[in-house]
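The values are calculated or read from the model by the stated rules, or taken from the named source; none is laboratory data. As the structure is a prediction and not an experimental result, all values here were calculated from the model. Cβ placement follows ideal geometry from the backbone for every residue including glycine, while neighbour counts extend to all protein chains displayed. Side chains are part of the model used for accessible areas, which takes the heavy atoms of the whole protein and leaves out ligands, DNA and RNA. Shrake-Rupley method; radii C 1.70, N 1.55, O 1.52, S 1.80 Å.
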Amino acid sequence: MTTVIKNIPEQGRVLVVDDDAVIRHLSRITLEEAGYEVTVCSDGATALELFSTFRPHVLMLDVVLPGKDGFDVCKEIRELPEGKDVPIVMMTGLEDIGSIHMAYGAGATDFITKPINWQILAYRIHYIFRANQAFKDLRTSETRLSYAQQMARMGSWEWNTVQDLVQMSDACLHILVVTT
């Protein structure tokens with residue numbers, strides 16, 4: 001069965017890192033049929049190199065890898081400026097809750113247990129990709145609003161009457177400080 005997901009931007013790149021050749025192959029086939037550009041590798045060191053050159057929009061990362069394990073790779077990617085916001089989906093056959101805690105502690109966005117359900121993989125990656133794009137769009141919009149408020153010398157504030165707290169934007173605070 002071929003899964004085709006509509007509305008995937010051309011830049012939908014996925015890096016799949018797994019020491020199992022069958023997992024790499026099936027991931028590639030599943031995601032390419034869904035419209036993604038896919039690169040695969042089998043170890044952590046190569047994953048770190050490919051991350052910088054391939055610049056994936058989603059990273060599927062096995063926990064158990066030769067050399068650097070997936071937890072270490074995840075941590076190192078999160079330390080890179082270009083790796084802070086890339087969704088990282090950890091994959092493992094380990095079924096202990098400790099591995100899940102370690103994955104999220106290392107900076108993982110999501111967690112998939114093996115065996116992988118190949119029929120839903122493309123949909124899962126699609127929605128992770130789409131949610132990440134929404135966060136990027138929100139940050140861009142917030143930045144534009146902040147610049148517009150600065151140029152117009154405007155700010156915004158909100159008063160929570162229940163907690164008696166006032167929250168204000170930096171622009172509002174600046175206006176109040178400068179004008180008082």
Which ones in segment 49-89 are modelled with pLDDT under 95, over 22 Å from Asp137 (Cα atoms) and touching a Phe, Trp or Tyr at 6+ places or on another chain (Cβ under 9 Å)? Val63
Looking at segment 138-168 only, could you name the residues that are under 30 Å from Pro56 (Cα atoms), open to solvent by 90 Å² or more (accessible area, probe 1.4 Å) and either more than 30 Å from the chain's Cα centre (by Cα) or of a type outside the set (A, V, I, L, M) (or both)? Arg139, Glu142, Arg144, Tyr147
Scan segment 66-115 residue by residue and report those that are more than 25 Å from Ala134 (Cβ to Cβ) and in a loop (DSSP other than H, G, I, E, B). Pro66, Gly67, Lys68, Asp69, Gly93, Leu94, Glu95, Asp96, Lys114, Pro115
Just checking, does segment 157-167 include any residue being farther than 30 Å from Gly93 by Cβ, of a type in the set (S, T, N, Q) and touching a strand residue (DSSP E or B) at 6+ places or on another chain (Cβ under 7 Å)? yes
Across segment 10-31, which residue is modelled with the lowest pLDDT among those that are open to solvent by 40 Å² or more (accessible area, probe 1.4 Å), of a type outside the set (Lys, Arg) and over 18 Å from Ala103 (Cβ atoms)? Glu10
Just to check your reading of the model, which residue among Ala171, Ala108, Ala103, Ala122 is farther than 30 Å from Asp43 by Cβ, open to solvent by less than 70 Å² (accessible area, probe 1.4 Å) and of a type in the set (Gly, Ala, Ser)? Ala171
For segment 55-82: of the residues being more than 16 Å from Cys41 (Cβ to Cβ) and without any contact (Cβ under 8 Å) to a residue 60 or more places away in the chain, which is least open to solvent (accessible area, probe 1.4 Å)? Phe71
Take the residues in segment 90-113 that are over 24 Å from Thr30 (Cβ atoms) and not aliphatic (A, V, I, L, M); name whichever of them is modelled with the lowest pLDDT. Asp96
Collect the residues in segment 32-46 that are open to solvent by less than 30 Å² (accessible area, probe 1.4 Å) and more than 21 Å from Ala122 (Cβ to Cβ), keeping them in residue-number order. Gly44
